[in-house]
Amino acid sequence: MTLTLTETTKANVNRIGLAKNDYKGSRSTLCAGCGHDAITGHIISAFYELGIEPHRVAKFSGIGCSSKTPTYFLSRSHGFNSVHGRMPALATGALAVNHKLIGIGVSGDGDSASIGLNHMCQIFRRNVKMLYIVENNGVYGLTKGQFSATADVGSKQKGGSLNDYEPIDTCALAIELGCGYVARSFSGDGKQLVPLLKGALSHDGLSFIDIISPCVTFNNHEGSTKSYDFVKDNDIRLQELGFVSHYEPITVDYEEGTTKRVELPDGSYLILRKLDRDYDPFSKKLALSTLADARLSNQLLTGLLYLEKNRPSLDTRLNLPDRPLVELGEDDLRPPRAVLEQLMESYK
Amino acid sequence: MESTLNNFTIQVGTVNGSGSQSANLILLRSIFNMGVPCNGKNLFPSNIAGLPTWFTIRVDERGYACRSRDVDICVAMNENTIDADVAELRPGSVLVYNEALAYKPRREDLVVYACPFTTLAGKVTTDPKLKKLVTNMVYVGVLQELLGLDPVAVEQAVQRQFARKAKAVALNLGALREGAAYAREKLRKKDPFRLETRNLTAGKILIEGNAAAAMGALFGGCTLCAWYPITPSSSLPEAFIEFARKHRHDKDGKAKYAVIQAEDEIASLGMVLGGGWAGARAMTSTSGPGISLMSEFAGLGYYTETPGVVFDIQRAGPSTGLPTRTAQGDILKVAYLSHGDTQHIVLLPASVEECFDFGMAAFDLADRFQTPVFVLSDLDLGLNVWMSDPFKYPEKPLDRGKVLSEEDLNRVGKFERYRDVDGDGVPYRTLPGNPHPLAGWFARGSGHNEAAQYTEKPGDYKRMLDRLAKKFETASQQVPAPILQNGGDTRVGLLAYGTSHWAVVESRDQLSASGIQTDYLRLRALPLNGAVERFLAEHERVYVVEQNQTGQMLSILRIHYPAHTSKLASVLHYDGMPIDAACITEQIVAAEKECAD
């Protein structure tokens with residue numbers, strides 16, 4: 001069989017009548033060839049193809065090259081470029097008071113794996129409903145090439161020195177700490193990344209995607225484990241991915257045993273086609289051991305690592321009303337005079 | 001023997017975690033129930049159980065509410081502190097102590113009452129755990145008899161303390177009656193201190209500042225409380241949670257608020273700014289160490305112009321400092337918290353009523369001026385029990401500030417996030433989710449122009465900073481104004497803020513009695529405005545009273561009013577205890593004498 005993905009939008013506009021240009025942002029100021037720009041393009045494709053209204057989206061970022069990118073897509077959306085490492089806190093606050101917003105946070109490996117590691121771990125635990133992307137290049141780009149905490153042991157810096165320290169695997173952390181949608185991908189693999197992004201946006205909870213995104217200026221040389229060449233030689237895809245949105249008819253043929261159809265909370269489907277191995281993304285244990293094995297054999301595993309559909313997200317745990325807190329008016333927010341009088345009586 | 005009526009200080013020395021707090025609050029509440037003004041201060045260690053703790057009740061029918069330096073009646077229940085507690089007593093003071101302690105009274109100049117508290121407690125219960133708890137109630141009974149506490153007032157207080165749980169009420173009343181009976185039969189009154197019923201507390205409330213501030217947040221429309229536990233702030237968010245659980249659920253039981261216990265104070269303020277940017281009223285509460293961690297986000301809030309409210313319940317520092325002792329040591333840091341040219345709106349409540357009022361006003365000001373607003377309380381105000389008039393229901397609706405809806409944008413047809421349209425330095429904002437094609441904008445801490453676009457142009461950056469300065473000039477006219485109290489034609493001014501107020505009130509009477517008339521300006525907020533400069537201009541000498549070592553408010557006054565620097569002198573108190581009146585009076589009398597010489 002062949003896996004063919006359907007495109008419902010043959011014309012130059014999507015299902016809500018917007019053109020792809022309507023999902024773009026200002027011109028990138030990153031280096032030519034930066035993996036981050038490719039990811040920006042894939043984000044634009046995912047939002048455009050899903051037909052998401054830009055005003056419903058809230059973009060968040062921390063500090064670093066990756067954190068600059070939210071200005072390069074969805075210029076009609078509100079966005080907040082915050083401080084280094086603290087994007088998860090900012091997003092948590094905003095999405096708690098308006099859980100109808102579609103939250104997307106873009107971070108980097110310095111931002112998330114070092115200065116903001118605690119915040120990233122905590123947002124996994126809280127399961128805030130949003131898409132959390134780490135654009136992972138193993139170095140600090142804006143400060144000119146220092147190693148980050150995701151750099152592999154033995155990876156070579158541009159100046160020649162080798163990294164001695166154990167890398168932090170953000171995906172393993174995400175799985176360990178209760179994130180229900182965990183994937184790893186490569187900036188250059190739109191065929192894999194776009195369905196992953198779409199699936200993430202259909203997930204009810206935090207979805208986390210670590211995207212290897214080579215830094216062409218500081219970490220694309222021989223000996224680097226985050227270079228285009230290294231990824232090309234070592235990328236092993238866990239499965240072939242497709243995505244069918246809830247408003248599309250399913251026209252994908254699939255064979256029992258080789259292809260799985262996974263329904264997502266909004267009625268969309270991820271289509272997972274078996275490649276070399278039979279990988280079950282619903283097993284936490286398998287996901288963690290697979291990641292550990294890959295690390296020992298210097299392989300870069302990409303694809304959907306882990307999926308758990310029914311973990312309650314933060315807004316559910318907070319027992320929030322359907323109407324977002326930001327929409328509540330004075331009658332809802334300020335208890336009546338009688339309540340104050342009653343309270344005062346209780347202190348008399 | 002002449003009586004000292006309704007005017008004395010009781011100090012009870014106990015062991016932390018021994019259940020003494022119930023007995024202390026019952027004693028306080030009993031006096032209050034008799035119509036006699038009083039307040040209670042808890043002096044406790046940074047410890048859960050075992051270390052010494054003291055509770056001080058100041059009874060004063062004139063209404064003075066600050067700490068009194070001298071203790072008139074010392075109740076000693078703690079073997080480890082009794083010697084030191086007794087050593088500090090003035091001649092003629094009263095010592096009530098537990099006979100079970102290994103202690104032999106040595107001072108002849110005290111009125112000493114020895115009581116077998118432990119034995120008396122044993123008469124009402126044989127359970128060792130309960131016995132330990134009710135031992136403290138026995139001293140309330142002894143004091144009831146010695147001071148003339150109205151038994152009805154006491155019983156009401158016991159009922160209230162144990163929420164009318166019959167078993168606990170009966171047990172505690174039993175212990176209390178044992179104490180009273182013992183005192184009646186065995187002790188001969190030899191001291192002058194007496195209570196007499198008055199009608200001075202009718203309609204008043206007794207409450208801690210943290211509960212009052214949390215109530216302010218509830219009525220101020222706060223919907224997001226993100227916080228990290230820290231002494232002495234934690235009881236504020238905890239009170240908010242309690243109030244919100246009772247009064248902020250919709251008919252389906254859904255919560256019309258969100259509380260998130262954050263991973264640290266950095267995240268707390270981050271969540272608050274996220275919530276404020278999205279259009280909610282968001283708060284956090286912390287103390288000095290948390291303020292330090294919030295520094296970077298405070299600057300982001302200032303420069304992106306994002307509303308949020310931060311309660312700072314100040315404690316002695318630096319670092320861990322004395323986490324259970326009070327200070328006004330964060331004012332200078334908070335006024336300019338962060339890097340670069342930042343400044344903040346800071347509210348300075350002096351009373352529990354102002355904790356409530358400013359607790360609400362902070363949210364209005366944060367929305368109006370689109371900036372983080374800090375409410376600087378302290379441990380003395382936040383954790384201690386103060387008498388107050390009941391809080392007044394707000395007459396004005398919530399002020400949500402300059403927010404443009406989709407309809408507004410349709411009408412005006414243009415939007416630039418950081419454009420000073422009205423000439424007051426305060427721009428307009430839109431909230432995420434606004435469907436108008438012009439509504440979207442990008443908040444960033446880096447350089448931006450009026451249209452919220454990235455820029456590094458010198459002119460753009462300077463223009464933005466100058467507009468922010470103008471915004472704070474506008475804010476200076478709308479924050480709570482300073483309160484002036486004239487002492488007549490005088491050349492001496494006193495300037496204070498926050499809880500130092502109560503000591504200043506009493507000190508001014510003491511100064512007046514010794515021939516020094518003063519005017520008094522109480523600051524209630526930053527940024528300062530013209531009223532402060534006029535006060536400095538009109539007086540020859542201005543004493544700035546504050547509870548820190550470096551004269552932090554005086555430093556702020558120097559920055560803003562350099563022409564008046566030579567008139568300013570500090571009156572300081574910084575040992576971790578709440579400031580008392582005598583300390584102010586002594587410093588000013590000495591300084592004035594030097595001037596006269």
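The values are calculated or read from the model by the stated rules, or taken from the named source; none is laboratory data. No experiment lies behind these values; they were computed from the predicted model shown. We place every Cβ from the backbone using ideal geometry, glycine too, and count neighbours over all the protein chains shown.
Matching residues to (1) part of a helix (DSSP H, G or I); (2) more than 9 Å from chain B (Cβ to nearest Cβ); (3) surrounded by fewer than 20 Cβ atoms within 10 Å (Cβ to Cβ); (4) charged (D, E, K, R):
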position: A:PRO249; (1), (2), (3), (4): no, yes, yes, no
position: A:ILE271; (1), (2), (3), (4): no, yes, no, no
position: A:ARG277; (1), (2), (3), (4): no, yes, yes, yes
position: A:ARG295; (1), (2), (3), (4): yes, yes, yes, yes
position: A:ARG311; (1), (2), (3), (4): no, yes, yes, yes
position: A:MET344; (1), (2), (3), (4): yes, no, no, no
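When the strands (runs of 3 or more DSSP E) confined to segment B:194-290 are screened for residues that are among the acidic types (Asp, Glu) and under 28 Å from B:LYS333 (Cβ atoms), those reaching at least 1 such residues are found at B:205-208. When segment A:196-211 is examined, which residues are found to be within 20 Å of A:HIS36 (Cα to Cα) and in a strand (DSSP E or B)? A:SER207, A:PHE208, A:ILE209, A:ASP210, A:ILE211 - these are the residues of segment A:196-211 that are within 20 Å of A:HIS36 (Cα to Cα) and in a strand (DSSP E or B). Filtering segment A:315-330 to residues that are assigned to a loop (DSSP other than H, G, I, E, B), surrounded by 15 or more Cβ atoms within 10 Å (Cβ to Cβ) and at the interface with chain B (Cβ under 7 Å from one of its Cβ atoms) leaves A:LEU318, A:LEU320, A:PRO321, A:LEU328.
Taking the numbered list (1) small (Gly, Ala, Ser); (2) within 8 Å of chain A (Cβ to nearest Cβ); (3) in contact (Cβ under 8 Å) with a residue 24 or more places away in the chain in turn, B:GLY253 passes all entries but (3).
Would you be able to tell me the number of residues in segment A:26-41 that are crowded, with 23+ Cβ neighbours inside 10 Å and either in a loop (DSSP other than H, G, I, E, B) or among the acidic types (Asp, Glu) (or both)? Of the residues in segment A:26-41, 1 are crowded, with 23+ Cβ neighbours inside 10 Å and either in a loop (DSSP other than H, G, I, E, B) or among the acidic types (Asp, Glu) (or both).
Can you work out which of the residues in segment B:475-515 that are modelled with pLDDT of 95 or more and β-branched (Val, Ile, Thr) is farthest from B:ILE345 (Cα to Cα)? Once the filter is applied, the top-ranked residue is B:VAL492.
If you go through segment A:172-195 one residue at a time, how many are in a helix (DSSP H, G or I) and farther than 16 Å from A:ASP280 by Cα?
Of the residues in segment A:172-195, the ones in a helix (DSSP H, G or I) are A:172-176, A:190-195.
Going one step further and asking which of them are farther than 16 Å from A:ASP280 by Cα, we end up with A:173-174, A:176, A:190-195.
Matching residues across segment A:172-195 total 9.
Considering only residues of segment B:533-578 that are small (Gly, Ala, Ser) and part of a loop (DSSP other than H, G, I, E, B), which is surrounded by the fewest Cβ atoms within 10 Å (Cβ to Cβ)? This residue is B:GLY576.
Of the residues making up segment B:291-336, those that are assigned to a loop (DSSP other than H, G, I, E, B) and within 14 Å of another protein chain (Cβ to nearest Cβ) number 4. Go through segment B:207-219 and give me each residue that's facing chain A (nearest Cβ under 8 Å) and closer than 26 Å to B:ALA278 by Cβ. Within segment B:207-219, B:MET215, B:LEU218, B:PHE219 qualify.
Given the structure, is B:ARG184 in contact with a Gly (Cβ under 7 Å, 6 or more places away or on another chain), away from every other protein chain (no Cβ under 14 Å) and under 30 Å from B:LEU5 (Cβ atoms)? No. When B:ASP109, B:ASP70 are checked against the criterion of being in the same structural domain as B:ALA153 (by TED's automatic domain parsing), free of Cβ contacts under 8 Å to residues at least 60 places away in the same chain and under 29 Å from B:SER507 (Cβ atoms), a single residue qualifies: B:ASP109.
Conditions (1) closer than 21 Å to B:LEU379 by Cβ; (2) under 24 Å from the mean Cα position of the chain (by Cα), marked per residue:
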{"residue": "B:SER234", "(1), (2)": "yes, yes"}
{"residue": "B:PRO237", "(1), (2)": "yes, yes"}
{"residue": "B:ARG248", "(1), (2)": "no, no"}
{"residue": "B:LYS251", "(1), (2)": "no, no"}
{"residue": "B:ILE266", "(1), (2)": "no, yes"}
{"residue": "B:TRP277", "(1), (2)": "no, no"}
{"residue": "B:GLY288", "(1), (2)": "yes, yes"}
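Of the residues in segment B:137-147, at least one is part of a helix (DSSP H, G or I), touching a Pro at 6+ places or on another chain (Cβ under 7 Å), over 30 Å from A:HIS119 (Cβ atoms) and more than 14 Å from chain A (Cβ to nearest Cβ). Could you tell me whether segment B:456-476 includes any residue that is part of a helix (DSSP H, G or I) and within 14 Å of another protein chain (Cβ to nearest Cβ)? Checked against the condition, which is being part of a helix (DSSP H, G or I) and within 14 Å of another protein chain (Cβ to nearest Cβ), segment B:456-476 yields no hits at all.
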